[in-house]
1. Taking the conditions exactly as written (within 14 Å of chain B (Cβ to nearest Cβ) and either over 30 Å from residue B:15 (Cβ atoms) or not β-branched (Val, Ile, Thr) (or both)), does residue A:88 satisfy them or not?
2. Just one of A:37, A:28, A:90, A:61 is touching a Ser or Thr at 6+ places or on another chain (Cβ under 7 Å) and away from DNA strand D (no atom under 12 Å from the Cβ); which is it?
Protein chains: 2
Amino acid sequence: MGEEIRSLTEVDRLLHEPSRTVIIAILYAVESADFLYLQREAGLTKGNLSAHLSKLEEAGYVEIEKTYRGKIPLTLCRLTEAGRKAFEDYRRQIKNFIEKV
Amino acid sequence: MGEEIRSLTEVDRLLHEPSRTVIIAILYAVESADFLYLQREAGLTKGNLSAHLSKLEEAGYVEIEKTYRGKIPLTLCRLTEAGRKAFEDYRRQIKNFIEKV
DNA sequence: GCAAACCAGTTTGTAATGCAAACCGCAGAA
DNA sequence: TTCTGCGGTTTGCATTACAAACTGGTTTGC
C-alpha cells in the first residue's frame, strides 16, 4: 500500500499545476491551438497563459510558432511528442493513485 | 468538454500538493497515526512533515494531539470530518477530470 | 494626419510556497 | 557534568503563480 501512495510525490510538478494540466489537456485533444483559443478554453489571463506556455516550451512539452493572421500576430501552440508522453505518464500516475487509495 | 477540463483549476490547492495528498490519504486509511509513522509512510523529512501538518491543522483538516508515550513526546494526528470530506471531494474532482479527458 | 483605443501577447512585482538545514528541549548514557 | 540521541519546530532561501503594468503594432474616430 505504502509504495503506491508515496509514488504520488514523484509526479511531474510541471504538469501537476492545474492551469498547466488544463493547457496540456486541451492541446492533447486538439493538436494545435492559437493563443486566444487556449486562453478562452483554459479560462486564464493572457499573462498567466503566456508564462505557463513559456515554461512548457522550455521543458520541451509544447512548440510555439509565432506567425501572422493578416497583420495581426498569431501564436500557435502544439504538443510535442515529449509533451504527449509526459501527459500520458502523468495521467496514468494520477489514475493509479486515485484507484489504489 | 471545456467546463469539465477547466474545473480542475478549482481543486483544493492545499490537497493538491503531493506531499499533503499523501499525508491525507494515509490518515484517511488509518484514522490515527503518530508523527514518526506518518513520516516513514509518507517518506518525508521531519521538517517538511511538521510544516505540512501545521497547514493541514490550520485549515481544519487534521487534529493534532500532543501527548507522551512514557516520557517521550508523541504527536498523534487524525483527519477531521472536514478533512475527510475535503479529501473525498478532491478525489472525486480528480477522478472526474481523468475520466473526461 | 494624428491621437485614442484596441489587440495579442510579454514582463514585472510581490506574496506565498516547498524544501533542506539548522535549531531546540528533553531524556538517558558515560 | 557533558555528550548523544530522540521528536519534532523554526529558519533561510530559491522557486512559484498570479495580477497588474507594459510593449509593439494596428485600427478607429475626427
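No value in this document is a laboratory result; all are computed from the given coordinates. These figures come from a predicted structure and were not determined experimentally. Every residue, glycine among them, receives a Cβ derived from its backbone with ideal geometry; neighbour counts consider all protein chains shown.
1. The answer is yes for residue A:88.
2. Only one candidate passes the filter, namely A:61.
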